[in-house]
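What follows is a short report on a single structure.
Derivation of every value follows stated rules applied to the coordinates shown; laboratory data play no part. Keep in mind the model is a prediction, meaning the values are calculated, not measured. Note: ideal-geometry Cβ built from the backbone for every residue, glycine included; neighbour counts use all protein chains shown.
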Amino acid sequence: MIVAPSLLAADFTHLADDIAMIGRSRAQWVHCDVMDGVFVPNISFGFPVIKAISRITDLPLDVHLMIVQPERYISEVRDCGAMMMNVHYEACTHLHRTIQAIHSAGMKAGVTLNPSTPVAMLQDVIEDVDMVLLMGVNPGFGGQKFIQHTLRKISELKALIEATGSKALIEIDGGINAVTGAAAAAAGADILVAGNAVFSAPDPLAEIETLAAL
């Protein structure tokens, strides 16, 4: 299982220390949540922080844009060193065009679905994306309880990927811990994003090890 610790839950007064811890762990990606206070009711951090993060880690950066009109910032995300630019279906009027532009910029393209958005909405782009992120909570804040119907959506997404021959990976973000992560893995998830479960754990390295072993 690919584990992508979410820096939204990290200690921003010791961010370099937390990133160094991730580098020593079995985590394979670093998840960066960008929130604008418009698309979601919170503001997190922006491109200068992500660029600084890229200078102190060799792990791929999975940049999740919870913002309106994310297509305006493709070049900025690329210049931050992102491996994956992940945009919300709900925030993109011209999603196919945005996916193409992300690829043209040299990044992998991900699309996120909110809990109320059906998997079927990806029918016409599933073969073009590298990853689909299913939100296990309503986006905007960490520490929320996992929404159980996400497990059904994972199974539906897995079926769509197999039916179309898509190579898209399935990522789950929100409410992930050892228990919900195991259920998501069993349903077909490839990547688990974990914030509070990792950074609030007595032993973050052990928590990442548990998730990576699922």
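Here are some notes:
- Positions within the stretch 176-209 being surrounded by 21 or more Cβ atoms within 10 Å (Cβ to Cβ) and more than 16 Å from Val132 (Cβ to Cβ), in sequence order: Thr180, Gly181, Ala194, Gly195, Ala197, Val198, Pro204, Glu207, Ile208
- Residue in the stretch 95-112 that is free of Cβ contacts under 8 Å to residues at least 12 places away in the same chain and among the β-branched types (Val, Ile, Thr) present: no
- Residues in the stretch 190-214 that are assigned to a helix (DSSP H, G or I) and touching a residue at least 40 places away in the same chain (Cβ under 8 Å): Asn196, Val198, Phe199, Pro204, Leu205, Ile208, Glu209, Leu211, Ala212.
- If you check His94, His31 for being over 19 Å from Ile172 (Cβ atoms) and of a type outside the set (Val, Ile, Thr), only one passes: His94.
- Scanning the stretch 121-144 for residues that are surrounded by fewer than 20 Cβ atoms within 10 Å (Cβ to Cβ) and among the charged types (D, E, K, R), we see that the one that is farthest from the chain's Cα centre (by Cα) is Asp124.
- Residues in the stretch 53-82 that are in contact (Cβ under 8 Å) with a residue 40 or more places away in the chain and within 20 Å of Ile126 (Cβ to Cβ): Asp62, His64.
- Among residues of the stretch 130-159, those that are in a loop (DSSP other than H, G, I, E, B) and among the charged types (D, E, K, R), counted: 2
- Residue within the stretch 176-189 that is within 25 Å of Leu15 (Cα to Cα) and in a loop (DSSP other than H, G, I, E, B) present: yes
- Residue count for the stretch 160-175 satisfying the condition of being assigned to a strand (DSSP E or B) and crowded, with 24+ Cβ neighbours inside 10 Å: 3.
- Scanning the stretch 128-163 for residues that are over 16 Å from Asp33 (Cβ atoms) and either in contact (Cβ under 8 Å) with a residue 40 or more places away in the chain or touching a Pro at 6+ places or on another chain (Cβ under 9 Å) (or both) turns up Asp130, Ile147, His149, Thr150, Lys153, Glu156, Leu160.
- Residue, farthest from Val193 (Cα to Cα), within the stretch 159-179, restricted to residues that are within 12 Å of the chain's Cα centre (by Cα) and of a type in the set (Asp, Glu): Glu171
- When residues of the stretch 99-131 are limited to those that are in contact with a Gly (Cβ under 7 Å, 6 or more places away or on another chain) and of a type in the set (A, V, I, L, M, F, W, C), the one farthest from Ala189 (Cα to Cα): Val129
- Identity of the residue in the stretch 54-68, out of contact with any Cys (no Cβ under 7 Å at 6 or more places or on another chain) and of a type in the set (Val, Ile, Thr), that ends up farthest from Asn138 (Cα to Cα): Ile56
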